[in-house]
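Student: What follows is a structure written as structure tokens; I'll ask about it next.
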Amino acid sequence: MNFKKKSSSLLLASAIAFSSGCANMSDNQWMNKENIGTLVGVAAGVLVGSQIGDGRGRTAAMIAGALAGGYLGKTIGANLDERDRQALALQTQQALQYSQDGQSSQWTSEHSGASATITPVKTESEARPVAVKRTPKVQPVANMTLLNKPYRAIKSANVRNAPDLNAAKVGGLPADSTFTAVGRTDNNWIMVGRRGVTIGYVYAPLVEAVKPATPSSAPRAVADSATDLDSIELASAKSQGFDLDAVDLAAAPVEQPVTAQTTCRTLNYDVNAKGSNQQQTVKACQAADGAWELI
């Protein structure tokens with residue numbers, strides 16, 4: 001089942017609308033337990049996903065949670081209740097984000113006795129069309145590799161409107177500032193993102209990936225908000241060393257499809273609930289905003 005291009009707000013609204021009305025639709029054959037599970041699972045997934053990530057990443061996680069919740073609600077909705085679908089959706093996101101291939105993660109319900117083993121079995125790169133947002137002054141690229149990871153400027157670096165040393169400067173990053181790297185171009189430039197929109201390109205040797213936190217580590221932001229491009233307010237940007245005068249952040253972003261190399265993962269599920277066992281295999285790929293789409 002393909003849930004691509006559905007926003008978290010639309011999924012949540014649909015789930016609320018249908019689930020709130022199911023008491024009056026008990027005679028409708030479509031509103032069986034499995035399909036109600038899908039809708040409740042989507043809503044639960046949005047709530048679960050909102051617990052993951054900070055800033056722009058929170059929105060992406062909400063979408064990812066909604067997709068996982070919806071799929072899990074549809075496929076095993078007859079055997080798990082709402083609380084269990086929420087918990088399993090969260091475990092799915094953790095497995096996608098942190099588990100290595102062949103590394104199983106265990107989940108056990110706190111109240112029903114249901115349990116599951118989730119095992120990523122294959123990680124691969126695939127060329128897929130993705131929708132990438134950019135400011136109007138930024139030149140598009142024909143293809144790229146999705147990153148969606150926090151990056152840090154090793155030294156002060158210029159941000160340009162195209163992946164070329166001769167391209168016009170549209171901004172600047174101070175040393176040690178952090179930002180969301182949307183992707184990497186074929187000629188080794190990093191796409192600088194601010195709140196989900198590409199505002200320019202920085203030469204890759206001038207920046208580096210920030211090591212992500214693990215689930216067991218204490219919750220903390222990737223960097224102090226004063227030096228994080230996603231969090232900093234435009235009015236105080238210059239005082240913090242950011243040169244954003246040439247970045248038209250108020251303009252409506254341009255969105256267009258780009259062929260991107262993106263990460264896809266195959267997961268094996270082994271679920272035990274209500275005395276029955278289900279084994280399923282699903283595949284998820286990362287979208288341009290970092291959310292995992294179940295395909």
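Student: Collect residues whose amide H, placed 1.01 Å from N in the peptide plane, falls under 5 Å from the amide H of VAL132; neighbours closer than 5 in sequence don't count.
Tutor: GLN256, VAL258
Student: Sort the following peptides by mean Cβ neighbour count (other Cβ atoms within 10 Å, averaged over residues), highest first: 130-137, 278-285, 179-186.
Tutor: So the peptides 130-137, 278-285, 179-186, ranked by packing, come out 179-186, 130-137, 278-285.
Student: Now for a different question. State to the nearest 20 debye the size of the charge dipole of the stretch 136-252 about its Cα centre, where the only charges are +1 on K and R beta carbons and -1 on D and E beta carbons.
Tutor: 180
Student: Tell me, what HN-Hα J-couplings in whole Hz come from the Karplus equation 6.51 cos²θ - 1.76 cosθ + 1.60 at θ = phi - 60° for each residue of the stretch 284-295, using x for Gly and Pro?
Tutor: 10, 10, 7, 8, 5, 8, x, 6, 8, 9, 7, 10
Student: Once the dipole of the stretch 74-175 is set up with Lys and Arg at +1 and Asp and Glu at -1 on Cβ about the Cα centre, which of SER109, GLN86, ALA127 lies farthest towards its positive end?
Tutor: Looking along the dipole axis, the top candidate is ALA127.
Student: Based on the mean of other Cβ atoms within 10 Å per residue, sort peptides 192-198, 85-91 so the most packed one is first.
Tutor: 85-91, 192-198
Student: For TYR269, TYR201, what's the fewest-to-most ordering of other Cβ within 10 Å of each Cβ?
Tutor: TYR269, TYR201
Student: Moving to a separate point now. Skipping prolines and chain starts, which residues have an amide H placed within reach, meaning under 5 Å, of the one on LYS149, given they are 5 or more residues away or on another chain?
Tutor: Amide H neighbours of LYS149, under 5 Å, 5+ apart: ALA181.
Student: Something else about it: If you put +1 on each Lys and Arg Cβ and -1 on each Asp and Glu Cβ, how big is the dipole of the stretch 124-205 around its Cα centre, in Debye rounded to 20?
Tutor: That gives the stretch 124-205 a dipole magnitude of about 340 debye.
Student: Please list 3J(HN,Hα) in residue order for the stretch 254-261, calculated via the Karplus relation 6.51 cos²θ - 1.76 cosθ + 1.60 where θ = phi - 60°; whole Hz, with x for glycine and proline.
Tutor: My calculation for the stretch 254-261 gives 8, 10, 8, x, 9, 6, 10, 7 Hz in order.
Student: If you don't mind, there's one more thing I want to ask. What is the sum of charges around GLU255, taking Lys and Arg as +1, Asp and Glu as -1, for the other residues whose C-beta is under 10 Å from the C-beta of GLU255?
Tutor: +2
Just so you know, all these numbers are worked out from the coordinates, no wet-lab data involved. Note that this is a predicted model, so its numbers are computed, not measured. Don't worry about glycine lacking a Cβ; one is built from the backbone with ideal geometry, like all the others, and counts go over all protein chains shown.
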